[in-house]
Amino acid sequence: MVNKILKIKNKILKMAAKHQELNALYYSFSIRNGVFEYEGEDTVDDFEILMNAVARDRDINGIDIGEIYMKDNILDVLTNMLKHNPNITSLSLHQINSGNGFMPSKSFTRFLDFLSTNNNITHLGYYNMGFYPNVKSFADMIKTNKTLKSLDLFNDFMENNDIKILSEALTVNHTLTSIDLSNNQFDDTGLEYLFEAFKSNYSLTTVELLKEVDPDDINFDQRMIDDINKETASNAEHGHELLYRLLKNI
């Protein structure tokens, strides 16, 4: 693995030899088990050069980008890289913003348009960021995407209305098998929206609602959990198992 890291870093060194931000770029990424991980406190102008190298490296099968300030065009650079490397099947984005706490809206829309018809990415992580004002656009992508199997949306500040919009998309999508909605901000009302969606969605086998939560902060009513468990049993009768990994004291 050390040789692999050195190989791609040397490749980028050659490509970026004339760029002033070379040192920042050189130390901003790593590779673990085929996953390219990138973090940076500030915007790196050489991000496009880095993505061009990744686009041609078929040994990379996953991308993890987080904790960076993102100019509007950088998400377009990422999207273009994904178009040119079909070997990438896992993508995680976290703690990315454009200065106002949210993704750049225009480039985010183009990114979602790409995901809507993408045939390679099976896992999408979009967490520790929030959706405003793009919840509906994200849900529309879920409606049309036929490749994603797992979706991580934990700690995205999702409230009841956000869950309502997402739940409507889940009634249409029948390829997702796992979704993580833990550490969000919805309560029993949001659970009811999910409950209705699960009545017509039999593809989901794992739905995580709670993780690393103080029991005193749990907003879910036991009766609502009981109702969902009944629906779980009903789904199992149809040959589909819906698993809820909840805290033991619920």
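Considering only Cα-Cα distances, which of the following residue pairs are longer than 21 Å: K83/K164; K106/K146; K143/K199; K83/K149; K149/K199? Let's see the in-between values first.
Values: K83/K164 31 Å; K106/K146 23 Å; K143/K199 16 Å; K83/K149 19 Å; K149/K199 19 Å.
Long pairs (Cα-Cα over 21 Å): K83/K164; K106/K146.
If you plug each phi of the range 84-95 into the Karplus form 6.51 cos²θ - 1.76 cosθ + 1.60 with θ = phi - 60°, what whole-Hz ³J(HN,Hα) values come out, in order, with x for Gly and Pro?
Values per residue, Gly and Pro as x: 9, 10, x, 7, 7, 10, 10, 9, 10, 10, 8, 6 Hz.
List, in order, the whole-Hz ³J(HN,Hα) value for each residue of the range 33-38 obtained from phi through the Karplus relation with A = 6.51, B = -1.76, C = 1.60 and θ = phi - 60°; use x for Gly and Pro.
Values, residue by residue: 6, x, 9, 8, 10, 10 Hz.
Residue-wise, which Karplus ³J(HN,Hα) couplings in Hz belong to the range 148-153, taking 6.51 cos²θ - 1.76 cosθ + 1.60, θ = phi - 60°, and x for glycine or proline?
4, 10, 10, 9, 10, 10
Once the other residues with Cβ under 11 Å from the Cβ of L91 are scored (Lys, Arg +1; Asp, Glu -1), what is the net sum?
Details: positive: none; negative: D64, D152.
Summing Lys/Arg as +1 and Asp/Glu as -1 gives -2.
What residues qualify as long-range amide H neighbours of E208, i.e. H under 5 Å apart, gap of 5 or more or another chain, H built at 1.01 Å from N?
Residues meeting the amide H criterion: I179, D180, L181.
Where does each of Y127, Y69 land when they are ranked from fewest to most other beta-carbon atoms within 10 angstrom? Let's see the in-between values first.
Numbers: Y127 21, Y69 14.
The order, fewest Cβ neighbours first, is Y69, Y127.
Any read-out appearing in this document is the output of simple, stated calculations on the displayed coordinates, not a laboratory observation. Just so it is clear, the model here is predicted, and its values are computed rather than measured. No Cβ is skipped: glycine too gets one built from the backbone with ideal geometry, and neighbour counts run over all protein chains shown.
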